[in-house]
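Below you'll find the structure, written out as structure tokens, and then a few comments.
The values are calculated or read from the model by the stated rules, or taken from the named source; none is laboratory data. It should be emphasised that the depicted structure is a prediction, and the values quoted were computed from it without experimental measurement. All Cβ positions, even for glycine, are placed from backbone atoms using ideal geometry, and neighbour counts span all protein chains on display. The area values use the complete protein model at the heavy-atom level, side chains included, leaving out ligands, DNA and RNA. Shrake-Rupley method; radii C 1.70, N 1.55, O 1.52, S 1.80 Å.
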Amino acid sequence: MKKEELEIKNERFKYKGFKLISLELTNFTFFGNIKYDFVDKDDKQDKIYSTVIIGPNGTRKSLLFNLIIYIFKCISDLKENKEIDYKKYIKGDFHLTYALENEIYEIVRTHSTDGKKHNQYGYALSINKKKKEIKDFELPLTIIGNSINITDKFPFYKEKEFDRFQYLGIKYNPQSASTKSYIKKTIDYVAKLSFSESFLNGLKLITETFIGKNKTICISYKTVNYKRFYDGNLNTKSLDEFFVDIEKRFKERQKTPPFKLNTYNGLKSKGGTELQAAVDYCNFLAKSSELIKIDGSSSKLLKFNLSKKEDLERLKLNGEAINNLYSLNLLYDPKIEIFSVDGDEYSLEDSSSGEHNLITSLIGLMATIKPDSLLLIDEPEISLHPNWQMKYVSFLKDVLASDTYNTSHILIASHSHFIVSDLEGDSSKVIGLSKGEGIEVIPLAKNLNTFGWSAEDVLYNIFNVRSPLNYYLQADLTELLGMIANNIKDSEKIGAILNKLNALPKRENDPLQEIIVEATEYLSSIQ
């Protein structure tokens, strides 16, 4: 075997499952010229891999996630012979490299001029450094975009446009967002989930960590107008009379009809099969023991225990009918709630916003992830207490530790130095970004292990920020001044400390600048 072929073979088998290896951009809209290396090639591949991208506002972290999704959609569109949409990212070349099941895929987009008014691009495709056609390309099974940020940059695609992408965020259209929408979306993903031990194990870890033993997480709905619709005798004729009356009243008042009326007319126009199924399920609930009495309320509770296989299967079997009853306003907004063995309950909406968001997002991630997936998580630290920011990455990887999930790659964009203090060096990477004339990648030590670092350490060594009386800044200054005073000629060590000091923000009348000048002159004299 030739040396080049052996190197390619060794490279292929470094990675387990899916790994996003690198993305290089040239003259690219919003980004300029930059290369992101998402994986340290010598890291372990026997657990789920995490890459944390940190940097101040304006370093395009969220937009990078949008671009990555766009590129994978380009690959999907090329495979299906669809026209590529260049409107958003019309200028710039890219080179994306990723590993999937021991194959290294590369797609290179280059600009070419053919005399036409619009820019045209060509694509070069290779697998294991050999030229291939687009039909030979494989994509990660699922690409998940997760955020609780109202301004997240994740795109909106209909399933038929790009079925690999799953959006798990609070926006329900490009202009509007709500927490209820986030919960509903999460529940929809759970309702489509096939039973798996991995999901139950992850759920058990979440429950025991946040809630305590002998408690479980449930999805619940409350019935609307129980006496009218849940008497066991509902039929399509009586339902039609109800909605015809609503339509008449809104027309007389010249007001926009409610959403439930549009839903009803839509179901009716499809031939009524789904409508009949919703009516049948409503009558089934009324006659079964599945509806639970609520003290002091005329409504009843429909509950699904996520820790029980039979409840998950029941939710999946009746998911469409439940959604239609909800859209017809015969069920209230669903909730994710905690139930204990003694019957007490509380809604996650009543808990802290950080706990609510974290538990909801973890359930959503477990319900959407598949083997060989790419998870893009934007600013998970929002509303999280610093203690949980420090634990976030390790806990997420514990939840997704099973063989079902550990062939996937997690990318996290964050402003939080606490997030970085939790990374295991052998299965994680930190990418630091800075903003000057353009966006730049901050050189960090290879195989950097920040696990167990203090917040001060991360601020100084990664974010180049000094807090008052920063221990690590003082330690570097003491060592630097000691080497100068004792005429120690370790130019490499002195240069490394100076690089960190020069990266700190400049302050007027700052004595630190005098030390930097003195050390720079000393370094020049010994080189």
Suppose we keep only residues that are farther than 24 Å from Tyr189 by Cβ, polar (S, T, N, Q) and not in a loop (DSSP other than H, G, I, E, B) within region 276-334. Which one would you say is most open to solvent (accessible area, probe 1.4 Å)?
Gln276
Taking region 290-300 and keeping residues under 15 Å from Tyr221 (Cα atoms) and of a type outside the set (Asp, Glu) leaves Leu291, Ile292, Lys293, Ile294, Ser297, Ser298, Ser299, Lys300
List the pairs whose first member sits in region 145-167 and is in contact (Cβ under 8 Å) with a residue 40 or more places away in the chain, whose second member is aromatic (Phe, Trp, Tyr) and in a loop (DSSP other than H, G, I, E, B), and whose Cβ atoms are under 6 Å apart, counting only residues at least 6 apart or on separate chains?
Gly145/Phe154; Phe165/Tyr157
Could you list, in sequence order, the residues of region 362-396 that are more than 21 Å from Phe38 (Cα to Cα), modelled with pLDDT under 90 and under 14 Å from the mean Cα position of the chain (by Cα)?
Ile382
Positions within region 25-39 being in a strand (DSSP E or B) and within 22 Å of the chain's Cα centre (by Cα), in sequence order:
Lys35, Tyr36, Asp37
Just a yes or no: is a residue in region 168-180 open to solvent by less than 50 Å² (accessible area, probe 1.4 Å) and in contact with a Lys or Arg (Cβ under 6 Å, 6 or more places away or on another chain)?
yes
When (1) of a type in the set (S, T, N, Q); (2) part of a loop (DSSP other than H, G, I, E, B); (3) at pLDDT 65 or above are applied to Ser467, the one that fails is (3)
Across region 40-66, what is the number of residues that are over 17 Å from the mean Cα position of the chain (by Cα) and open to solvent by less than 10 Å² (accessible area, probe 1.4 Å)?
2
Give the residue that is farthest from Ser299 (Cα to Cα), with candidates limited to residues of region 183-216 that are part of a helix (DSSP H, G or I) and among the β-branched types (Val, Ile, Thr).
Thr209
Quick one: Lys135 ticks every box in (1) outside any loop (DSSP other than H, G, I, E, B); (2) in contact with a strand residue (DSSP E or B) (Cβ under 9 Å, 6 or more places away or on another chain); (3) modelled with pLDDT under 95 bar one, so which box is it?
(2)
Tally of residues being under 36 Å from the mean Cα position of the chain (by Cα) and within 18 Å of Lys222 (Cβ to Cβ) across region 237-284
4
Number of positions in region 148-174 that are assigned to a loop (DSSP other than H, G, I, E, B) and either over 19 Å from Pro380 (Cα atoms) or not charged (D, E, K, R) (or both)
17
Between a first residue in region 67-88 that is surrounded by 17 or more Cβ atoms within 10 Å (Cβ to Cβ) and a second residue that is of a type in the set (Gly, Ala, Ser) and not in a helix (DSSP H, G or I), which pairs have beta carbons less than 8 Å apart while being 6 or more apart in sequence or on different chains?
Ile69/Gly145
Helices (runs of 4 or more DSSP H) contained in region 217-272 and holding at least 1 residues on the phi > 0 side of the Ramachandran plot and surrounded by fewer than 13 Cβ atoms within 10 Å (Cβ to Cβ):
none
